[in-house]
Amino acid sequence: MASTTPNGAPSPADYDLLPKLAPHLDRHMIFPLLEFANGQLLDDEENITDEKKAREITQAKFALLKKTDMTDYVANLYCELQGLKEPPIEYAERKQKVFSQLEKFEQQTGKITELLERDDVVNNLRSDKVANLEFLKKDHDVTIDMVNALYDYGNLQYSCGSYGDASELLYRFRVLSTDNDKVSYATWGRLACEILTTNWDMALEELQKVRELIDTKLQANPLAQLQHRTSLIHWALFPLFNTDKAREPVLELFFSAPFINTIQTNCPWILRYLTVAVITNRGRAKNVGIQQKQMKDIVRIVKQEAYEYQDPITKFVHALCIDFDFEEAQNQLVVAEEVLRSDFFLLAHADDFVDSARHLIFESYCKIHARISLKDLSARLGLNADDAEKWIVNLIRDTRLDAKIDYKEGTVVMNHPPSSVYQQVIERTKGGFFRTQVLSAAVAR
């Protein structure tokens, strides 16, 4: 049963997307989301507000990580759940087994690791992996088993939570291996490692490599392409909302035809993140034309998918840009802010989104009014009169908006210069030539 606020409206918890996101994320990526959910249960004095929910999260952490080799942490979770001071002996035995495996792989990969750190060896490597293996086998007695041991060692380090070491091992394996399937897995593994070590520049590089793998290696399997694109979309949320460098490349990825189709078909809840990314990208985008097109695309897709997915963020866009219902848009913005502050990816962008959303409301309102009451506009923006006045003054100054405040009348006066007849004719006939060409080509066929 959905939880509600005192006035009967759904609470932010009802819009929690963790159950939808988790199936498409690696278990190590889900852990920080659970940590965030646990943090949401703490009050200002760091006291837990919901003991039952906190225990459920601890149980989820244990279930998530018990299949990994993070033995000490899993043992601590088990003790916390069972009320024990010391973990069972099986955890110590498992820890020793993991150490033994690490030592074995370190011995098996020691020689090849040493070789790849030597300049005289690296300088002799070429883009031809077969030739590289032949060179290493002939001159340095490297075997294919040693190369595969890099892959196994990398997987074990990842399972232990040593993501930096795992990334380096998987990179070395990928440079040498001719096993296409394992190279694909290693590329996904490196992407996960760079995300978990918050190395966003490298994460973006690996993101593009995974995209290329999906587009080229899985061409003959549309279902696998759909599933892999769905996973990549979810993984890409980490760099998208953690570094400004990721904004344009990740948005370009999401709006490309194969990926926007994947979002609409397989994971419409990603519309929340896509909408926030586009709206908060106002003023940041290097290409204003692309940003405006993305905003139009978001409005179109939100309208198309309204039957499939809605939350306060998409409802805000629907109310403002489709229904032109300013009152409903403001109501949804209030709820949207609460939802953003309870979302792992969007918490840091809540203030930015609210400010950009107010810009959208103001722009839309100004397009259809020549004179606007400050009192009315402050209500639309969800601000008190003084704050609204300061906000509008700053907006007019920063954007050089052709408007002024009439303090005597308490209004904002917009200057809408009339467009010439000549300009109106150009606007109305702008697409005529293109449409004529399309019709002519259709008739010719």
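The values are calculated or read from the model by the stated rules, or taken from the named source; none is laboratory data. It should be emphasised that the depicted structure is a prediction, and the values quoted were computed from it without experimental measurement. Quick reminder, even Gly has a Cβ in these numbers, built from the backbone with ideal geometry, and neighbours come from all protein chains shown. Heads up: the accessible areas ignore ligands, DNA and RNA and are worked out on the full protein's heavy atoms, side chains in. Shrake-Rupley method; radii C 1.70, N 1.55, O 1.52, S 1.80 Å.
With respect to the chain, whose longest principal axis is taken over its alpha-carbon atoms, helix 163-176 is tilted by about 70°. When peptides 297-309, 318-330 are ranked by their average number of other Cβ atoms within 10 Å per residue, the highest-first order is 318-330, 297-309. For T411, nonlocal amide neighbours, meaning residues 5 or more places apart or on other chains whose placed amide H falls under 5 Å from its own, are L374, D406.
Taking all protein chains in place and a 1.4 Å probe, what share, in percent, of the accessible surface of the chain do carbon and sulfur account for? The partial results should precede the final answer.
Numbers: 12440 of 24650 Å².
Percent of accessible area from carbon and sulfur atoms in the chain: 50.
For K138, a cut-off of 17 angstrom between C-alpha atoms picks up these lysines, skipping any fewer than 8 places away in its own chain: K111, K129.
What value, in deg cm²/dmol to 500, does the helix sum -39500 (n - 2.57) over DSSP H runs of n ≥ 4 give at 222 nm once divided by the residues of the chain?
Result for the chain: -21500 deg cm²/dmol, rounded to the nearest 500.
Amide H contacts of D179 (H built 1.01 Å from N, in plane; Pro and chain starts excluded): no residue 5 or more places away or on another chain comes under 5 Å. Largest GNM mean-square fluctuation across E117, E337, E93, computed for the chain with C-alpha springs under 10 Å, falls on E117.
Report the trypsin sites (Lys or Arg not before Pro) located in the range 70-147 that are in a DSSP loop and have at most 14 other Cβ atoms inside 10 Å of their Cβ, or state none. Display every interim value, and only then the final one.
Details: sites: K85, R94, K95, K97, K104, K111, R118, R126, K129, K137, K138; in loops: K85, R118, R126.
Those satisfying the criteria are K85, R118, R126.
From the C-alpha gyration tensor of the range 216-267, pull out the three semi-axes of the equivalent ellipsoid (sqrt of 5λ each), sorted largest to smallest, in whole Å. Spell out each step's value before the answer.
Details: eigenvalues 89, 21, 20 Å².
The answer is 21, 10, 10 Å, longest axis first.
Against the empirical 2.2 N^0.38 Å scaling, what ratio does the C-alpha Rg of the range 268-343 come to? Don't skip to the answer; put the middle values down first.
Details: Rg = 12.0 Å, N = 76, 2.2 N^0.38 = 11.4 Å.
It is 1.05.
Of the Cα atoms belonging to the range 158-245, the radius of gyration and Dmax stand at 12.9, 35 Å.
Rounded to 0.05, the FRET efficiency of the R55 and K408 pair, given R0 = 56 Å and the Cβ-Cβ distance, is 0.35. The HN-Hα couplings worked out from phi for the range 219-224 by the Karplus form 6.51 cos²θ - 1.76 cosθ + 1.60 (θ = phi - 60°) are 4, 7, 10, x, 5, 5 Hz, whole numbers, x standing for Gly and Pro.
Can you divide the C-alpha Rg of the range 207-323 by 2.2 N^0.38 Å and report the result to two decimal places?
Taking the Cα Rg and dividing by 2.2 N^0.38 Å, one obtains 1.06.
Extending 7 Å from the Cα toward the beta-carbon at both E252 and Y78 defines two label points whose distance is 4.9 nm.
Please report the net charge: other residues with Cβ closer than 14 Å to the Cβ of Q225, K and R +1, D and E -1.
That works out to +1.
Between Q96, Q291, Q225, which gets the highest mean-square fluctuation from a Gaussian network model of the chain, Cα cutoff 10 Å? Of the options given, Q96 has the highest mean-square fluctuation.
Can you give the charge dipole size of the chain about its Cα centre, rounded to the nearest 20 debye, using +1 on the beta carbon of Lys and Arg and -1 on the beta carbon of Asp and Glu? Please report the intermediate quantities before stating the final value.
Details: 53 positive and 66 negative charges, 381 e Å.
Approximately 1840 debye in magnitude.
Short-range pairs are left out: with C-alpha atoms under 8 Å and at least six residues apart, the relative contact order of the chain is 9 percent.
Averaging over every viewing direction, what projected area does the convex hull of the Cα atoms of the chain cover, in nm²?
Details: hull surface 126.2 nm².
Directional mean of the projected Cα hull area for the chain stands at 31.5 nm².
For the chain, the solvent-accessible area works out to 55 Å² per residue, with a probe of 1.4 Å and every protein chain left in place.
Enumerate the lysines that K390 could reach by cross-link, defined here as Cα to Cα under 21 Å, with residues fewer than 8 away along the same chain left out. Hits, sequence-local ones excluded: K367, K375, K404, K408.
Positive contributions from Lys and Arg (+1) and negative ones from Asp and Glu (-1), summed over other residues with Cβ under 9 Å from the Cβ of D343, come out at +1. Projected onto their three principal axes, the Cα atoms of the range 1-108 cover extents of 63, 33, 25 Å, largest first. If you take the Cα centroid of the range 241-292 and the Cα centroid of the range 339-354, the two points sit 16 Å apart.
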